[in-house]
Structure formats: C-alpha cells, structure tokens
1. Given axes a ≥ b ≥ c from the Cα gyration tensor, I'd like to know whether segment A:102-217 is rounded (a/c under 1.5), prolate (a/b larger than b/c) or oblate.
2. What distance in nm separates the simple spin-label points at A:Asp310 and D:Ala186, each placed 7 Å from Cα in the Cβ direction?
3. Please identify the GluC sites (Glu not before Pro) of segment C:303-338 that satisfy two criteria: DSSP loop assignment and at most 10 other Cβ atoms within 10 Å. Which are they?
4. For segment C:37-95, run through the GluC sites (Glu not before Pro) and keep only the ones in DSSP coil with at most 12 other Cβ atoms within 10 Å of their Cβ.
5. Output the Kirkwood hydrodynamic radius of chain B, Cα pairs only, in Å rounded to one decimal.
6. Percent antiparallel among DSSP beta bridges with both residues in segment C:186-343, to the nearest 5?
7. Let me know the mean shielding of D:17-29 by other chains, meaning the per-residue number of their Cβ atoms within 10 Å of its Cβ.
8. For segment A:254-342, build the charge dipole from Cβ charges (+1 Lys, Arg; -1 Asp, Glu) around the Cα centre, then report which of A:Ala259, A:Ala293, A:Pro283 sits farthest towards its positive end.
Number of protein chains: 4
Amino acid sequence: MNFGSDNASGVHPKVMAAMAAANDGAVSSYGRDALTRAAADRVREALDAPEAEVFLLGTGTAANALALAQLCPPWGRIFCHRTAHIETSESGAPSFMAGGAQLALIDGPDGRVSPDALRARLFDYPQVDEHDGRNAALSLTNASEWGTVYSPAVVAELAGIAHEAGMAVHIDGARFANAVAATGAAPADLTHRAGVDAMSLGGTKNGCMALEAVVFFDPARARDFDFRRMRAGHLWSKHRFLAAQAIAWLEDGLWLRLARHGNDAAAELAARVRAAGLEILQPVEANEVFVRAPREAIARLRQAGLRAADWPTVGDDEERATIRLVTSWATTDEEIEALSAQL
Amino acid sequence: MNFGSDNASGVHPKVMAAMAAANDGAVSSYGRDALTRAAADRVREALDAPEAEVFLLGTGTAANALALAQLCPPWGRIFCHRTAHIETSESGAPSFMAGGAQLALIDGPDGRVSPDALRARLFDYPQVDEHDGRNAALSLTNASEWGTVYSPAVVAELAGIAHEAGMAVHIDGARFANAVAATGAAPADLTHRAGVDAMSLGGTKNGCMALEAVVFFDPARARDFDFRRMRAGHLWSKHRFLAAQAIAWLEDGLWLRLARHGNDAAAELAARVRAAGLEILQPVEANEVFVRAPREAIARLRQAGLRAADWPTVGDDEERATIRLVTSWATTDEEIEALSAQL
Amino acid sequence: MNFGSDNASGVHPKVMAAMAAANDGAVSSYGRDALTRAAADRVREALDAPEAEVFLLGTGTAANALALAQLCPPWGRIFCHRTAHIETSESGAPSFMAGGAQLALIDGPDGRVSPDALRARLFDYPQVDEHDGRNAALSLTNASEWGTVYSPAVVAELAGIAHEAGMAVHIDGARFANAVAATGAAPADLTHRAGVDAMSLGGTKNGCMALEAVVFFDPARARDFDFRRMRAGHLWSKHRFLAAQAIAWLEDGLWLRLARHGNDAAAELAARVRAAGLEILQPVEANEVFVRAPREAIARLRQAGLRAADWPTVGDDEERATIRLVTSWATTDEEIEALSAQL
Amino acid sequence: MNFGSDNASGVHPKVMAAMAAANDGAVSSYGRDALTRAAADRVREALDAPEAEVFLLGTGTAANALALAQLCPPWGRIFCHRTAHIETSESGAPSFMAGGAQLALIDGPDGRVSPDALRARLFDYPQVDEHDGRNAALSLTNASEWGTVYSPAVVAELAGIAHEAGMAVHIDGARFANAVAATGAAPADLTHRAGVDAMSLGGTKNGCMALEAVVFFDPARARDFDFRRMRAGHLWSKHRFLAAQAIAWLEDGLWLRLARHGNDAAAELAARVRAAGLEILQPVEANEVFVRAPREAIARLRQAGLRAADWPTVGDDEERATIRLVTSWATTDEEIEALSAQL
C-alpha cells in the first residue's frame, strides 16, 4: 500500500531494458551521439513540435529551474500558484538558477491558477520603472500539485494574459503525461498551440529512472541553454542513458498508457475512499487523492501498512488531518484492494 | 507642494556642513579613519547597543539586501509584509545579495505584519527536509510602507514568534527615526531589546544625502560582512563622507527632531485632508498619508502643483484613485497651506 | 579504437545488473532508503573514514562545484592547477555554485600543482583586508587531467601549505580510482590522512552510469549540504539507482580492478606509441596518454578509425599537433593492437 | 606626505560647492531630475559620444562589476591583466555581479596587457562547446594599476583582437582622466573610436566624493542596465548629488586639469626618487610611482610621516621591499619637498 509518492515506484521494464540495450560499446559522450538525436526527435514528435529545441537531464527540479532561468532575467518575477512545486519544494532552485529571480504567488482553487487571480496578481506588480523588477514568466503545473489538470482552453486563456503582460509561459510537466491522459487533449494543444513557450516534460515519476526534457518551442528561446545546463552540472557525460529512457518511454505511447494507469488507479482509489465516507479535498483528475480523515483513522491505516504523505492543510484540526495518496504506473489492484479493505 | 517622496527633499544644512568640514586634508580611505570610528560609536550610542557592529553605506536597498543576506542562507526564506519595500521596490535585491533566497509574503492590515498572519505563513512552510528551504528571517519595516508603526511590544511579540521558528529578525529602518518619533519609544526598545538581530538604519530619507547604517546587535552575526559589502561595491573609498553624515545627523538628536517634523507635518496634512472630506486609507502615524479621492480631484490638485505618487490600491475604481502624500524634515507650513487651500 | 574519453565507455555489467536488481517494488524516494544508507557505508569503508558524510549525485561537475561551494564563501578564491577540469571544462560551475567565487590558477609541470607554485600563488593574494577576497580552498585533481598522479606525501605537503594559509583542501577525484591504482596507496592515505577535507569520488568514468559521491571527512563541513544539493537540482528522486551503482562499483574492489585495467591499458598504449617513435608529453601514470605527432599522421590514424580528442598544447606547430588518448575499464587488447598496427 | 592613495584626498572645492548648490528645494528622486540629465549630457560631450548611454553611481567597484556583468554572461570569461583591480582588489565583485563569470588573467610588462599575451591567453580557451564557457570581454585599466597608460593605437589593437574573438571591450577608467592627461589623446580616441564598448569613468579618485559613470557607447548594450543597477543597490535616491559632482568635475576641463596635476606631481616625485638613487619599477606615466628601497629606509621614511602602501612584488627580498606612492589632484609641492628632504 505505497501511495507515498510516484517517485517511490521503480523503472518500467521497457525503459530498463532500453538502458541495458544502450550499454553497448563506446559512444560519444555529452549528448553528441545518435541515440540523443533520436530521443530529441521522439520528444518533438510526441509534442508535434518539429522546430522545438530539446534538452535532456536527470531531475525535475533542474528541468524547471533551468527552463525558468532561460525565460526570466535575474531581476525578473515568475508567477505561479502558491502550491507550485517550484515554490514549495525546490528549496529556491528557480531563483538560484535565474540569478536571484522572485516568485509571485497566485491563489486559485484546487491547485490551479485562475485567470482572475493571475490578473489580480499582475495588478500587484505594476511595471513603472526599475524598482519594480520585471514580470517575466508564468509557470503552470499540469497536472497540478493537487491532482487537477488544466484544459487546453484554460492554458490558452492564461497564456494569453501572460503574453499580453509581456511574460513567457512555462509548463511544469513533471506529471504532464497524466494531464494528457486526463484531458484527452493532444500534447501540442496543451502546450505550444495554447501559447506555451517552454516546458519541463517529466519522465521520472512516470516509469523512467531519471529523465526530464526541457523543451523550448521557439528555438530562439533556447539560446545558450547548453551553457546554462553545463555550468549547473546537468550535462550527463554518458548521455545515451538519458536518451534511451526517453525513447523507450515515448515509444508506442507507453508514456500515456502508464499515465492512464496511474490516473485510473487514482479514480478507483477515490471511489473507495468516498465509499468509506471520507472526505476528498478536490476533484481527482490525475493521479493524486487528498483525503481528510480522523487522525486516529490515519494512524490505523499506517499501522496496517499504508504509505502516504502528511499534507497539513488549512481546515485540518485536532480531530482530522489530510494525507496525500499518489498512484503511479506501478500501482496494483492488490494495493487498492488492500487499502480498501482497511477503510 | 512636493509630497512625492521623502527622497525628493534635500540634505539638512547641518549634514551638508559636516560633509564640507570633513573635506580637509588627506584621510585614510575605506573606513580606516577616525571619523568612521566616531560615526560607528554614535550609532551604537543612539541605539544603546555598545556591542553592535556598524557598517555604513549609501543606499537603503543595499542596506536591506546586504543585511538580509547576512541573516539568510541562499536556500533560505525571508518573511515580510506583502507591501514591504524589499518585496515591491528593490527589483529582487535581497534575493540577489543572498544568492537566491526567497521572500514569503505576509498579510496584515495597514501595512503591518500581524502575529496571526506570521504564524499562518509559517504553517505554509513546514520544515521537514531539504525540499522546504530554510525559514531564515523576518523583516519588519518600521515605520511601515503605509505610514504606520510597530510598538516595542508588537516587535517583541513578532520577534518571539520568529525566534521560536529559528529565524532572525531584521528591521528595515529606512524611516526608523519616524517610528521612534511616533512611538516615543527608545530606539533600543524598538530593536535589540525587543529581540531584533539586525537593522538598516536610514538617514537618506531623513536629512542625509546618501547614508544608511547596517547594524548587527550581536557581533557574531557580522562575520565577514565587510567582504559582503565590498564585493557588492558598497564600500565607499572616501568613507569619511558617509561618516560625517552619520555624526551630524545623530548629533543632539537631530535625526529625531527631523523625523518629528515630518510626522507632525503628516498629521497636519491628514487633518486638512479629512476636513476636506476625503478618505484616508490607514492610521497616519508616521510621515505618509494615503488618500483616496475622485480622479478628477486628483487631476485638479496636480494641475495646481501637487506632487504625489499614484498608489493603485484594491478598492480604487473608475471614479476614485489613491495617491500617496509623503512629508519630510523639509516640508514647510506653506506647502501644507497651499495644498489645504486647494482641497 | 575509441580513445576519445572514458566517458565514451559504457556501464560495467555488474553495475548495470545492480541497477536492474534495485528496480523492485516501491522504495522511499530522495535517499531515504536502505540502499542509500548502505551505499554511504560502502563509501566510508572504501575510504576508511567512518565519520565522513557522503552524498551521491549524478555528474562530476556537480560533485566538484557543490563540494567547493561548501568550502569556499562567495567572496573566496579556489586555488587549482591551470589545467584543472574545474577551470577549463565546467563553464564556470564552481563559481556559480559558490555564488561568485574565483579561481586562482597555479602552474606546475605535468598537470600537477607543485608546492613552490602554490606558495608563489599565495604570495599573489595577500590577505590584508576585504578587498583581497578570501583564500579559501585548494583543489587537486588526482589523477590529474594530464594522467599523472599525486602521492600521499605530495598531497600531504600541499595540504599542509593550504591549511597553514587557512584554506580547505578538496580532491577532484573524477579519476580517483586510477590514482589509487597507480600509487598503490590506501584511499585514506591519499585523502583524509593527508589532510584532505572533502572530495568528489567519481564512478561515472570508471564503470558507472552516472554516479559521483561528495565526501566530507569532517561532518561539520557538510552542514546544510543537503539544501545545497537540492536547490541545485542534484537530489535524485529515485535515489536507489545512484546507490545501487555505488554499491556494485565498490564491491570486492571492483572499482580498483577497473581502474587498474584502464591504467595498464594506458601503459601498454604508451609503450606502443613510444615504440613508434612518437612523442609522449608527460609521464603516463594513470589512464591518459598525450601524444604529439605530425598532423598528417594524426589525420591518417583518424581515417583508420581512431577516436581521440584534439588537445592543442603550447609547443604544437604547423607540423605537429597533440592528441589525447584515454583508456578505460572497457578498453580491449584489440583496440590497442589495432592502433598499434596503424602506428 | 600622504601618498597612500588617491582615495585619501578630499573633494575638490568646486565639486563640493556644486553639491551644496544642488541642495535646493525638492527634486525628483532616482535620477528623474534635470541635473541628472545634464550630467549625462556632460559625460557624452566629454567623450564625444552623443549616442552613449550613461549611468551614474557611487563606487568604482560597482561601476566595473556592473558594466562587466552587462558584457559577460554568467558562463562567460573576462580577460584582464593579472594585476587588474577587478582581479586583485574587488573581492570577486565582477563574478558576483555577472552571476558567476570567471576572470582569465593576462601577463604583460608594466601592468599592461600586451597583444601577444592576449592572443596566448585566448589560445588557452578554445571555444569548442559548452564545457569551455564563453570568452566574453576584455577589460583594460587605463591608466593601469602600475601607473602606465595605453595609447589609442594599443587600445585599438587589443580591441581588434578581442572583437575578432567575439568579445566586448571594457575600460576600467578609475584613473581615465590620468590616462587622457598622460597620452594627450582625445577621450574618444582612447575609447569608442578605438573600439571600446563600455567604460567605467572614475571621478572619485580625482576630485569627486563618490562618483563614477558607467558608459555604454552602443545604447543596445545598455539594455536593462537600470534594473541591474537597481537590484545591486546602486541607484541613489537623491541622485542629484551624483549629478552635481559629474557636472562640476567635467566643467571647463577641470577633470583633466586635476589629472594633469596628479601626473605632474608623480613625475616630479619620480625625479626626486631617482635622484636619491632608489629604484623605480616601471615607467611613471600617470600618478603612481612604485619604489623599491631598503626596508630600513622605508621604515625611516614612514617614521618621518610618509604614508604609502606596501606593495609586495616579485623581486623583493629580505633587504628591499616595494612601496607604492600615489599622487592626486590634491598633492602639494610641500609634500613632495618634504619627502624629497627625507630621501
């Protein structure tokens, strides 16, 4: 019953096999190899973005922070939801990578930036002169940290507001596959066709070992990103092992099948939780379920083997607390049944 | 009728005379001179802080950002009111100087951090592991950006919460003299005796030309600050001209007399504004008055010579806007009368 | 005939197998798992350093830059050989990670810092006041970028000079296994017993996929390093796959056997090159051979399939150029024979 | 007999008077005032550079570091003489301001970069890929730290090499007036007409209190420099007092007369030193004289009241040491006579 994190899951067998298969003979290092070129092509195809520039690296924090540093000057401001991973869980990585940039936090229900809240926040930061910093980028997490998703229409609306304000738009796609699976939208419709300028496409949580792609839809935005990645220590020398992951993960839609599995498991889990009379805090659209329950019930479940993160939330009290259940490509029916039996 | 900014005022004649008097012969550069030592002593006396380490420099942004960088690691978080100058008007200087630190914004009426709001914000940033960054410092602006002040008791309460959370406490004292004058409190009671660890003591807005002091009440906190100031380009070579300002400004309580003048002028101004039936947005405790008025009235006043900053505020509408009136040591009765006549 | 880089070699089968074996079930992420704890123990045992703090990550540049950032304040100076990887090939990563630190380059034959050259360089940077920056760290690459090694005695002598000057000592051990194999010294004698404070222990070039360990021999030096690694994006979520590499690589001395293989291959290669009458630029002690040869001979070898890096060196001229041949754990007799046949 | 530093001198009476005169009434802050506009015009006229963008600030370190940060990306490299102030005496400020840039040190006699040494250094940093960082800027100090100057022809030759290598050219002009006075060249011929892209024009050492101008000859290079200056805390609020200095200092060629006075004093001092049989280490072209003398003689002179900096130099020994004598606009005949009498 491990619902602690999608990072707790392992590597999909096909991805692991591809890594082993890539381990044959000598190959040029630092991404100057055929496998890396092929991986970039696969990413472009998956996103239907033939002009995009693609860079592979190993962690989601690096992908987000480096991508944002490319979009935001050191004196710039990155707008994001107040529960965004870049705000809560990266120990300041975007600011570090961008040389001192600031985050401007946006409210909005269910972990989603709402257009009105974005507009309100822009109002807080008029752009009169150099005291004000530069409003530079909007970062949207899709699927969000609260397991909800943005539709193409909403992304487009938010991107429109951002562009009008002179800002670039970034998708934190650590769980982008889950968003694609949940919305049924084409990846391109969720990104560049909706006005997205750059994204972090995450494989790690969804069947890879350590694989993220930073994508710039307009190649001009990628200028000198290779230097940026290098001097942050994120250029793998044995780069083929990043590439092999990407290729296997994207092949024949594996990435989306894995995401669908995770989403379906979350939906099933949510149904069981609801059936047990427990409160679920937001719509379950991707692979996360936030449950508020009596503290003693949570303790009992944990004793029975449940792994789930504490998620202190406004509204918790002495009686009841919130936990986060995350499913993944590797979640089994047995785990869901086991939890269900305990509920 | 220049109520645009206290930075628009000039230099008090005594300060200017002291600078001229200091211009005599050759003197060791970079603060290795007798005048600088005397100035540091004067600051320590004014704050009744004989152990404090004192550093002089030329701008308030530098004073704040360098002081905070000393209190906050690159992966740290600085808590401040959402209208704090370090957030709205320094183009990211604290984050830059601290190597990537983040601000966590706190709500609270009248430009003041409230204890409850601080506690709520700390709740948002649990300190579980390295993902979370480090809650490192609380910065309070006294007098605040909205012309209100913190009393010694409130500073002590907030500092207590901060210390309990493992954070250091900083005062942005760009208008600290106004806070002292307004509260009638001893400077020491508003700072180190209330638990403050470091402060930026601002002379520039209050009769100096370019003079701020960074003060660390515990000398251990000042370690290597000389390097930090140097490599940020804030070590004046002809340092005696900073020192001369400090000495003249603090002499015989000039700094507090100047602040009192500014505060009194603001009180008088507020009375006239109220008498004219216009709305004032918050208590007028220091040297700022925020007035909401019909847009056409504002336009008319400007045509009549008023200088005041636009201050777009939630609650403004098509009819009415907000402006900020700032008084200073140099505000004259004539200016107030002139404005009053127009109201 | 791929002698282009040890990064061109693949992953040793035992390491690959260990990664596959680690892919079983759900495991806590971010290094909070048993495998990671075991890996740290293995590193401590290999270095005979039971108190050391050990952090795993994926690239050598990150290991160096983050370790040095821990030893050097933003206003500090890192002394290293003028051919050190941190100077020539990391695009400024140490300075970036350390918030603006500078490198001070040291001369010395054969890619090695000599004690006299270190002393001369320290003379260049007297420590009078804050203008001077802080002389903070000495970084030695062992084995060096020129395929030479430092003995325990020389490391100790250099560390003594550094410590006397108030500096910490770091080993860039991207090829540390080669240095151990070449000197026959105990790892501890090449590091903490010789006064080394921190090291980057490199697995990637020597049979791993992406595995480096940052080691602090005095745990006090490791303070907050977890935050530093995190906010640089170098904390792997599926951390077990770093750990699995480390364990397999260190098990039963595999790391040293692999290094010995590489060193022996280089020695053999050097013998063949010398026999062919070509010039070798420095003693061949580890796994690199720098050959100066007629440009047309180099072109011919490349046409015959040789992969080797251009290595423009003072002394090259229109006739003759320098190339670098690197062997690895994976170099085969056939490759050496093939090159030999072409010579 | 204060020859310790030109920073030990005071402020020229005309500059001081101009500052007092500027202290009249309320004026817009942050450089949005008429005096600041006039000052920028005066700088443009002095440099015969009508298109140039001009920014005023208070310290030479800030001027250099911010200007270079504008020319050099965070992963870039700034080439300069190994005795350049930006290398030896700014505690890493350029690297800090540029987000981690590195310095590449160049040899050359008498404190001057020689064309051959520049070419040799560029050879050390081939530009193959992202490992190599970016060769971004050449910084020349004119007059140099050793009191020598570059002629327009030499600046042009060096700038040509730099431009060919894709680098921008910066002049550290902390003593630029002395270079103009020494060469007799037009300021424009020493800068933009010789290919210089940006400069720090220093007033502080030469009669001002705290006044430096950062000049970009091509306005496109100045993009967002206002943000850069702001977030480094170098935007003065009472900006008119920077402007007043600039205007008075440049008026009627005062800056050059003051520099000529300093240069003449140095020449006279050198003649006396030579007549006394002491060694002078390099040509005396501007306002610095480096004297090697028996240590006891130096001690005696100091006892007699000499202020001069120790300047440990290769070639010093147990018997003899090197000191630096600096003259300035304020050096008097009496001081020279007094020293002469002691020699």
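The values are calculated or read from the model by the stated rules, or taken from the named source; none is laboratory data. For clarity, every value in this text was computed on a predicted model and none was experimentally measured. Cβ placement follows ideal geometry from the backbone for every residue including glycine, while neighbour counts extend to all protein chains displayed. Side chains included, ligands, DNA and RNA excluded: accessible areas come from the protein's heavy atoms. Shrake-Rupley method; radii C 1.70, N 1.55, O 1.52, S 1.80 Å.
1. Judged from the Cα gyration tensor, segment A:102-217 comes out prolate (a/c at least 1.5, a/b above b/c).
2. Between A:Asp310 and D:Ala186, the label points sit 7.4 nm apart.
3. Loop-located and lightly packed - C:Glu318, C:Glu319.
4. Those satisfying the criteria are C:Glu51.
5. So the Kirkwood estimate lands at 20.5 Å.
6. The answer is about 95 percent antiparallel.
7. For peptide D:17-29, the averaged partner shielding equals 5.
8. Among A:Ala259, A:Ala293, A:Pro283, the one farthest towards the positive end of the dipole of segment A:254-342 is A:Ala259.
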